[in-house]
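What follows is one structure encoded as structure tokens, with my remarks underneath.
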Amino acid sequence: MEIKGHFEKVIYYREDNGYTVAVFALQDSRTDEEVVVRGYLDKPDRDKLYILEGDYVEHPRYGIQFQIESCQKQIADNREDLISYLSSSQFRGIGRKYATELVDALGLNLIERIRSDSSVLDEVPRMTEKRRQGILEGIRSEQDSDNIFLMSHHLTMKSIIRIRNHYGEEMMGILTTNPYQVIPEVGGIGFATIDRFALSIGIDPQDLNRQCALAENLLMDLCMRNGDSYIGLDEFTDELTRRCEINCDDIIDQLMINRRVQIENERIYPITQYDAERFVASYLSWFPAIPLQRPDEKLLKSNLEEVQQQLGIEYQEKQLEAIMSFFENDLLILTGGPGTGKSTIVKGMIELCRRIYPMCSLNLLAPTGRAAKRLNELTSAPAKTIHSLLLWDKETGRFAKDQDDPLTVDILIIDEFSMVDIYLFHNLLKACGSLKKLILIGDADQLPSVAMGAVLRDMIESDCFECIKLEKIYRQQEGSDIISLASDIRNDACDSIPNENDVRFFETDRRDITPLTLQVVEHALNNYDTLKDGFMNVQVLSPKHMGLNGINNLNVALQKRFNPPGKDKRELKAGYRTFREQDKIIQLKNQPDDDVFNGDIGILEEIIYAKEDVNGQDRLICDFDGRIVEYTRETFGNITHAYCISVHKAQGSEYPIVILPMDLDYGIMLQKRLIYTAVSRAYRSLIIIGEKAAFYKGITTVDHYVRRTTLKERIQEAFDHE
């Protein structure tokens, strides 16, 4: 819908992307009605009339607001206002008298007429060259005309504001000559957005700038596909030749000149990955610049005895070695499987650190929100994500904290480090110039990071850092059979599958996996007082999305069985999914404003239909452990069903009961690292259902692909140089 009026008061305005919250006075409102509006636009001018397009929405915290989709500044809507506008200082050499003559000669739509064809100014009496230039420059100074043009060619207002803030008056020149320049220079705007705009305004598809941007985007896609830091130069050239019709050598040369890629030993790197590897290796070779003073051994041991009494823990020899190494080494890697006491050791490190270094700031970090929450629960110490510590901006994809605005932190302990990619680690270290001690904790046998790199693997294999490998299993209570199975898989010693106590294996034909999974889930849910409690504690994991026993089909079957249609339940179709009240759902993207993050699991509590909604929008209201989050159709893609989720999504989390289907049709997803990660997600009960051949194939298949990185070699070279 459309509303018209003036901005009365700006409540919030963000300069970098134009996000605005303001009070808007509606024109022609008999009651002087005002509404709160929000959206992306140029900084509002209180003296101008605006037409806003969008919809009324009900914000769960702030009530009814108008969500702006587009904004157009109205120059004037009557003769008197138009004359005042043309006689303003914006139009040099045009006074009120001549402005009146302009309006009389060209009418109220004169601005649109002049924009379309400036020769209409010849129709105005007494027109001089000076007046003509003053009028044309005044019209050109109106950003609205640029905005209308750019939006008509598929750029959003948010993107326009971000680009304008970066380039200022040069924006239109850059966008109309080489729009691909925007991609590396302006955060949060990718190749697909700029390419669509460029082709729309008539940029030649064979233009060298476009081909270079396409090649750089292709290189990033190829590296992301397998998590590589580089690919072979010949391999990239072959792929690029299939995509481009101009000389590949010219494209690669231009990318090198512009420092968008780096070629080294017949390998080609995206420049971000090349710089990240070099920086991390260099940083670690001289780390720390100023080390912490090592404590007196007698003082350390006496405090350690007090900590054991305080925590009610008697540490074993290997655990004591790890804790003592915390104080003996500036950088320590602590690795081991489930049940080997990593969390117990971290507790002791934290308590002892507070006693030995009371004036030092200590931060506990994890790569995901769920992993940070779990770290907090296990250690009873505050923990946060790396992104939140670095003040990550989801709009631009950039970090506020860096070498120019560094963190004031002395000691960092990072859990689930196998999930940390090279780019994220690079940005963390850039902001930690004064860091004095770094502890990295992770299971090197779990799945690697989703993004590029294999940082934990490379650091361990470099043999340049103190690395404590925990192998003895300490947990002997409930769930110990799971830990034993995980350990056997990890050590290639799994000759048989336990089928009692904490681990059960139900062998069945692949066609019966889904029906049997439903029976097992039903039995597991009976252990809990309410269905909601059961949903939160019983998790089905599958290695693959597609197929008979893939995540998609299992979610449909589990929803149908455990949350079927009913007169008391509303449902809503969104693509191929049907959302229903009381569904178990998972968050797919970070929404820090709503305190909900990728991997969080909740319950769909309420569905509101568009016909009942003040702004005519369908809405889903979800509960994430007390955090209420609202979704409209434009954000339905941020959630999906979570009766069954991928092993990758489960990494960093643990569940009391895990149910793991095994089907030979999972194909290349049946790998040791993935099966090991899935098994170690359970801490009370693990039920495996399906084909034994699939399970054994998985635990005996080492990753079919080893990520291509050069961080290990760079670390070794940097240490040799030092």
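The values are calculated or read from the model by the stated rules, or taken from the named source; none is laboratory data. Everything quoted here is computed from the prediction, not taken from an experiment. Cβ: placed from backbone, ideal geometry, glycine included. Neighbour counts: every protein chain shown. The area values use the complete protein model at the heavy-atom level, side chains included, leaving out ligands, DNA and RNA. Shrake-Rupley method; radii C 1.70, N 1.55, O 1.52, S 1.80 Å.
For the range 693-710, check the following and say yes or no: at least one residue is among the aliphatic types (A, V, I, L, M), at pLDDT below 95 and open to solvent by less than 20 Å² (accessible area, probe 1.4 Å).
Keep residues of the range 693-710 that are among the aliphatic types (A, V, I, L, M), which gives 693-694, 699, 702, 706.
Filter once more, so that each one left must be at pLDDT below 95: 693-694, 699, 702, 706.
Checking which are open to solvent by less than 20 Å² (accessible area, probe 1.4 Å) leaves us with 694, 699.
Checked against the condition, which is being among the aliphatic types (A, V, I, L, M), at pLDDT below 95 and open to solvent by less than 20 Å² (accessible area, probe 1.4 Å), the range 693-710 yields at least one hit.
Quick one: which helices (runs of 4 or more DSSP H) lie wholly within the range 109-198 and hold at least 2 residues that are hydrophobic (A, V, I, L, M, F, W, C) and either under 26 Å from G397 (Cβ atoms) or open to solvent by 70 Å² or more (accessible area, probe 1.4 Å) (or both)?
Values: elements: 110-116, 129-140, 143-152, 157-167, 171-177, 182-185.
Result: 143-152, 157-167, 171-177, 182-185.
What number of residues within the range 620-629 are modelled with pLDDT of 90 or more and open to solvent by 10 Å² or more (accessible area, probe 1.4 Å)? Total meeting the criteria: 2.
Can we say K672 is touching a residue at least 24 places away in the same chain (Cβ under 8 Å), surrounded by 17 or more Cβ atoms within 10 Å (Cβ to Cβ) and basic (K, R)? Even if it seems obvious, please write down each step before you answer.
Numbers: touching a residue at least 24 places away in the same chain (Cβ under 8 Å): yes; surrounded by 17 or more Cβ atoms within 10 Å (Cβ to Cβ): yes; basic (K, R): yes.
Spelling it out, K672 is indeed touching a residue at least 24 places away in the same chain (Cβ under 8 Å), surrounded by 17 or more Cβ atoms within 10 Å (Cβ to Cβ) and basic (K, R).
Every residue in the range 200-219 that is assigned to a helix (DSSP H, G or I) and in contact with a helix residue (DSSP H, G or I) (Cβ under 8 Å, 6 or more places away or on another chain), please.
Applying the first criterion (assigned to a helix (DSSP H, G or I)) to the range 200-219 yields 200, 208-219.
Within the range 200-219, L208, N209, R210, Q211, C212, A213, L214, A215, E216, N217, L218, L219 qualify.
Residues in the range 289-308 that are in a helix (DSSP H, G or I) and open to solvent by 70 Å² or more (accessible area, probe 1.4 Å): E297, K298, L299, K301, E305, E306.
Give the range 262-288 a look and list any residue that's more than 22 Å from L429 (Cα to Cα) and crowded, with 20+ Cβ neighbours inside 10 Å, or say none. Hit for the range 262-288 is I268, nothing else.
Please find, within the range 435-450, the residue that is surrounded by the fewest Cβ atoms within 10 Å (Cβ to Cβ) out of those that are out of contact with any Asp or Glu (no Cβ under 6 Å at 6 or more places or on another chain) and more than 12 Å from M419 (Cβ to Cβ). Step by step, filter the range 435-450, then rank; the result is D445.
Among what's in the range 223-254 and is outside any helix (DSSP H, G or I) and charged (D, E, K, R), pick the residue that is least open to solvent (accessible area, probe 1.4 Å). Talk me through it step by step, then tell me what you get.
In the first step, residues of the range 223-254 are kept if they are outside any helix (DSSP H, G or I); the result is 227-232, 244-247.
With charged (D, E, K, R) added as a condition, the list becomes 228, 245.
Details: D228: 0, E245: 152 Å².
Among those residues, the one meeting the criterion is D228.
Of all residues in the range 490-500, those satisfying the criterion of being open to solvent by less than 80 Å² (accessible area, probe 1.4 Å) and touching a residue at least 24 places away in the same chain (Cβ under 8 Å) are R490, C494, I497. Taking the conditions (1) open to solvent by less than 40 Å² (accessible area, probe 1.4 Å); (2) over 26 Å from K469 (Cβ atoms); (3) among the hydrophobic types (A, V, I, L, M, F, W, C) in turn, M220 satisfies each one other than (1). Scanning for something modelled with pLDDT under 85, closer than 24 Å to F417 by Cα, under 18 Å from the mean Cα position of the chain (by Cα) and surrounded by fewer than 19 Cβ atoms within 10 Å (Cβ to Cβ), does the range 643-662 turn up at least one residue? Yes, the range 643-662 contains a residue that is modelled with pLDDT under 85, closer than 24 Å to F417 by Cα, under 18 Å from the mean Cα position of the chain (by Cα) and surrounded by fewer than 19 Cβ atoms within 10 Å (Cβ to Cβ). The C-beta contact set for the range 501-513 (first residue without any contact (Cβ under 8 Å) to a residue 40 or more places away in the chain, second residue in a loop (DSSP other than H, G, I, E, B) and of a type outside the set (D, E, K, R), distance under 8 angstrom, 6+ apart or interchain) comprises R511/L548. Within the range 503-515, the set of residues being closer than 19 Å to A682 by Cα and open to solvent by less than 70 Å² (accessible area, probe 1.4 Å) comprises V503, F505.
Among the residues of the range 693-722, none is identified as within 13 Å of S285 (Cβ to Cβ), outside any helix (DSSP H, G or I) and within 33 Å of the chain's Cα centre (by Cα).
If we keep just the residues of the range 524-556 that are hydrophobic (A, V, I, L, M, F, W, C), open to solvent by 20 Å² or more (accessible area, probe 1.4 Å) and closer than 15 Å to D583 by Cβ, which is nearest to the chain's Cα centre (by Cα)? Steps first, please.
So in the range 524-556, the residues hydrophobic (A, V, I, L, M, F, W, C) come out as 524-525, 531, 535-536, 538, 540-541, 546, 548, 551, 554, 556.
Add one more test, that the residue is open to solvent by 20 Å² or more (accessible area, probe 1.4 Å), and what stays is 531, 536, 546, 548, 556.
Checking the rest, the ones that are also closer than 15 Å to D583 by Cβ come to 531, 536, 556.
Working: L531: 31, M536: 24, V556: 27 Å.
Here the answer is M536.
In this structure, does E461 turn out to be surrounded by fewer than 19 Cβ atoms within 10 Å (Cβ to Cβ), at pLDDT 90 or above, under 30 Å from the mean Cα position of the chain (by Cα) and of a type outside the set (G, A, S)?
yes
With respect to the conditions (1) over 26 Å from S484 (Cα atoms); (2) open to solvent by 10 Å² or more (accessible area, probe 1.4 Å), S343 lacks only one, and its number is (1).
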